[in-house]
1. What do you reckon, is Ala200 of a type in the set (Gly, Ala, Ser) and buried (at least 20 other Cβ atoms within 10 Å of the Cβ)?
2. Report, by residue number, each residue of segment 245-267 that is more than 19 Å from Tyr312 (Cα to Cα) and open to solvent by less than 20 Å² (accessible area, probe 1.4 Å).
3. Report, by residue number, each residue of segment 192-222 that is part of a helix (DSSP H, G or I) and hydroxyl-bearing (Ser, Thr, Tyr).
4. If the Cβ limit is 7 Å and pairs must be 6+ apart or interchain, which residue in segment 243-256 that is closer than 19 Å to Ala223 by Cβ pairs with which residue that is open to solvent by 60 Å² or more (accessible area, probe 1.4 Å) and in a loop (DSSP other than H, G, I, E, B)?
5. Kindly provide the set of residues from segment 9-65 that are among the small types (Gly, Ala, Ser) and within 16 Å of Ala355 (Cα to Cα), ordered by number.
6. Every residue in segment 168-178 that is open to solvent by 50 Å² or more (accessible area, probe 1.4 Å) and in a helix (DSSP H, G or I), please.
7. Hey, can you tell me all the residues within segment 203-221 that are open to solvent by less than 10 Å² (accessible area, probe 1.4 Å) and either free of Cβ contacts under 8 Å to residues at least 24 places away in the same chain or closer than 15 Å to Thr292 by Cβ (or both)?
8. Restricting to segment 319-342, name every residue that is out of contact with any Lys or Arg (no Cβ under 8 Å at 6 or more places or on another chain), closer than 16 Å to Ala202 by Cα and part of a helix (DSSP H, G or I).
Amino acid sequence: MDTPGAGLGYLREYNDALVVGLARTRPEFDRAAVAAATGLTPQAVSKVLARLVAEGLIEPGGVRRRGVGKPATIYRIVAASRFAIGVHVARTRVRLVLTDLLGSVLAGSSQPLPADFTPDELLSAVGAARARLLRRHPVDPARIAGLGLGMVGPLDHANGIVRDAHRLRHWHDVPLRDLAAARLGSAVHLDKDVTAGVTAEAWRRGRDFRDGVLIMVESGIGAGLWLDGAAYRGAHTNAGEFGHTVVQFDGPRCVCGRSGCLEVLHDAAVAGGDVPLAARLLGVGVVNLLQTTDVGHVVLAGADLLRHRALYVSAVDSAVRSQVPRADWLTVTVSVSALGGDVIAAGAAMQVLNAAYGPPSLGSGSG
């Protein structure tokens, strides 16, 4: 389970979160199913279910008969009982979504950001977009679990600090999580944009997505890592700077300070009008990443990539099939995120829900 960045959550008892995590993966369930999946005693399960019904998080949904004896009461999650807001901070725009307890996107709102925006300008934009979003889709504020921010890195997730966001001058050691909580009056979860995005993909894909990466191409290149059923952030919670891996020793200088990074070469190819070369470069980088992580899924996302979707998918898939040794054994699925432009914001909202109510892991394996 993700550790919440601030005091997220209505459910403070582990058993409650465990049962809600299960409920979020199944259309219906009974006491016996909960006991079998969680290891709780029948008496403990009954108490938890009673609390969750009282909270409005689950509701009875009929009975099920299993031979002789008393029929079992069936329960189901109440998706509209709680909500979360997710925010995608890109270098030119901010995108917000409202999701329900199951992570379904109910509404969205976006607006442009000033060039080279400051923390104050970002929080003003988020506040305005949130107000607009909730005017269009009003919900009880008490039922909003919190706000998740998917932000450009490098980023210190553990401490809620943006360390030195590439291409943004005003973001050196900015305590964004705490600033946002104070300014917006909400519990806030801050994470790197690509980590939020891969959380959304894992949520949607379930058990089959145990080891995968989200490759984001949008005013830069990054990779969200999902390893062994959980988001991988690294020792300093800054994993995913995929675009800043060197692929040409004598290449041009990159914004990160190194030379010949994948991102600077890719962007130079795009600027020169050679998008096919840019896509092939991305394919080389993806194969390098696969050789390091041995994941089974590569999900492509990002506004810049989606503008040339077919070209990028073809180039990356071709690189995987032709450059991964023993591709017949080291099989990899290449796909495009079905969430489109909402993948980061939706993932940020899902991280809030995971922190507050327990990840939907028992039924799906999605961590």
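1. So Ala200 fits the description; yes.
2. Passing the criteria: Gly251, Cys254, Gly260.
3. Thr195, Thr199
4. Short answer, once both residue conditions are applied: His244/Arg258; Val246/Arg258; Val255/Arg167.
5. Selection gives Gly9, Ala17, Gly21, Ala23.
6. Selection gives Asp178 alone.
7. Passing the criteria: Gly212, Val213, Ile215.
8. Hit for segment 319-342 is Gly340, nothing else.
The values are calculated or read from the model by the stated rules, or taken from the named source; none is laboratory data. As the structure is a computational prediction, the values presented were derived from the model and not from experiment. All Cβ positions, glycine included, derive from the backbone under ideal geometry; neighbour counts span all protein chains shown. With ligands, DNA and RNA removed, areas are computed over all heavy atoms of the protein, side chains included. Shrake-Rupley method; radii C 1.70, N 1.55, O 1.52, S 1.80 Å.
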